[in-house]
1. Once you wrap a convex hull around the alpha carbon atoms of the range 1-91, what is its projected area averaged over all directions, in nm²?
2. Which of the trypsin sites (Lys or Arg not before Pro) found in the range 53-84 are in a DSSP loop and have at most 15 neighbouring Cβ atoms, other than their own, within 10 Å?
Amino acid sequence: MSSCTDRAYAAGIIDGEGCIFVFRSSSKTATRRMAHSLVVNVTMTEFETLEWLKSVFGGAVYGNGIPRKKEWNAARRWELRNTKAQKFLRLIINFLKVKRRQAEVAIAMECFDVKTGRPHSISDETFARREECYFQLRELKIRNKGKVLREAQVSRE
C-alpha cells in the first residue's frame with residue numbers, strides 16, 4: 001500500500017524521468033496482426049530508486065547494470081504494463097504536472113489483463129480505440145518535446 005507521499009514522489013519521477021506509451025507489436029496470432037501494450041517505465045542510473053518503485057508499486061526492473069557504451073553510466077529500467085500500468089497511473093494522476101494528459105489517455109485505453117486477456121480476441125471497436133490511444137500519446141510526446149525545446153531556447157535568451 002502506497003502513502004500519499006509515495007504517490008507524490010512517484011509522480012515526480014514519472015514527470016521527470018518516466019515514459020508513458022503504447023507499444024505496438026506484430027502478432028502472428030492476432031486477427032489484425034497487431035497487438036497493443038500500455039507501458040509505463042523509468043530508465044535511470046539510480047538503481048535504488050527503481051527498486052523502491054518496484055517494492056511499492058510492483059512491476060519489474062530490467063537490465064544488468066552494465067553500461068552499453070564505455071563512456072556511459074550503467075542504467076536499468078523499471079516497468080509496468082497494461083492493467084498494472086493503469087492502476088499505477090490512477091494512483092499518481094492527481095500529482096502529475098507534465099504528463100497528466102498522457103496519463104489520462106493511458107487510463108482511458110482498454111487494456112487486456114495479461115493473465116486472462118488475449119490480444120487477438122478484441123472487438124474492432126476496442127482495436128480502434130487502442131490505435132487512437134497510440135496516436136494520441138505519440139502526438140502528446142511530440143508536442144511536449146517542442147514545448148520543452150521552446151522553453152529552453154527562451155531561457156537562454
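Every read-out reported here was derived from the displayed coordinates using simple, explicitly stated rules and does not represent laboratory data. None of the values given here were measured: they were computed from a predicted structure. Using ideal geometry, Cβ is built from the backbone for each residue, glycine included, and neighbour counts are taken over all protein chains shown.
1. If I average the Cα hull's projected area over directions, I get 7.3 nm².
2. When the trypsin sites (Lys or Arg not before Pro) of the range 53-84 are filtered for loop state and at most 15 Cβ neighbours within 10 Å, Arg68, Lys69, Lys70 remain.
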